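Data block below; observations after.
The values are calculated or read from the model by the stated rules, or taken from the named source; none is laboratory data. Source: prediction; values computed, not measured. So basically every Cβ, Gly included, is an ideal-geometry build from the backbone, and we count neighbours across all protein chains shown.
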Amino acid sequence: MTLCPRCQKRHYDEAARCQYCGALIVRAPAAADFTPRASAAPARTSGMATASLVLGLLGLFSAGLLALVGLILGILGLRQIRRSRGELQGQGLAVAGIVVSGLVLAVMFLFLPIVAAVLFPVFAQAREKARASVCMSHLRQVGIAMSLYTQDYDEHWPRRQNWCDSVLPYVRTPQGIPAASVFQCPSLPNQPGAYAYNGLLNGVSNSRIASPYETAVLFDSRGGWNRAGGPGAAAPRHNDGVYMLFAAGNTRWMRSLDGVVWKPSPAAAPAGRRHSHRRRGRSRRE
């Protein structure tokens, strides 16, 4: 419907002039449609791209393990963003994650061998110190058992043929630990006996040992249970040296066997009298 500007008559058609007064009818343009349109949803940031960058940085503190995961996520995230047709963003994060993860892995691969070369000898030395400490402790325990044995056998040392069997009942260990374990060395876990007995002390009286702090009793060796011998039976296995137990009960690490006394003093018993090496009448210690 249109009104004539002169006579104010209504016109329901599309005539250009008023049919009543002939005036020119000017029609107003149609109003524009200002209905608001729904705005497009903003693009989401790819979670893989973000995780790639974060894991790449954390790879510095995990020896490169997390950086490897970050590199994989960065590649997958970049492919995901390109296929999303604008629905995902974060291409820069993905590229940064790939670069950072790759650099961390490169640095780790270059420096890990150097770090390993420095740390492995330190760890090996620490492990050897621990084994040596246990070995010395075992020697001291056997030394205490030998001291108890000599008290029961008129101050005479064990026979060389079965010295382990003779001393074993005098060994005291915590409950659940076999007494025979103190005859072993941690460096030789599969060998039942890792120490040799000074064979020249075979049934010798304690009175014949003039230098107890220098006279060898037990020492590192190879050969197993009831092993006995002299300097030739020694087997350096702790920092190129030998742990030794002496007649006084002291233990030492020896790089060289020079100065060690092996042979006891000559017997001073009267002629025609022999020592029977019998055990005293009191009961065996438990």
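A few points about this structure:
- Residue list for segment 190-213, filter: in a loop (DSSP other than H, G, I, E, B) and more than 38 Å from the chain's Cα centre (by Cα): N202, G203, V204, I209, A210, S211, P212, Y213
- Hey, S205 more than 24 Å from A130 (Cα to Cα) and either in contact with a Lys or Arg (Cβ under 6 Å, 6 or more places away or on another chain) or without any contact (Cβ under 8 Å) to a residue 40 or more places away in the chain (or both) or not: no
- Scanning segment 219-271 for residues that are of a type in the set (D, E, K, R), closer than 20 Å to P192 by Cα and outside any strand (DSSP E or B) returns R222, R227, R237.
- Inside segment 204-238, residues that are touching a Ser or Thr at 6+ places or on another chain (Cβ under 8 Å) and among the acidic types (D, E) make up a count of 0.
- A216 exposed (fewer than 15 other Cβ atoms within 10 Å of the Cβ), touching a residue at least 40 places away in the same chain (Cβ under 8 Å), in the same structural domain as H138 (by TED's automatic domain parsing) and not in a helix (DSSP H, G or I): no
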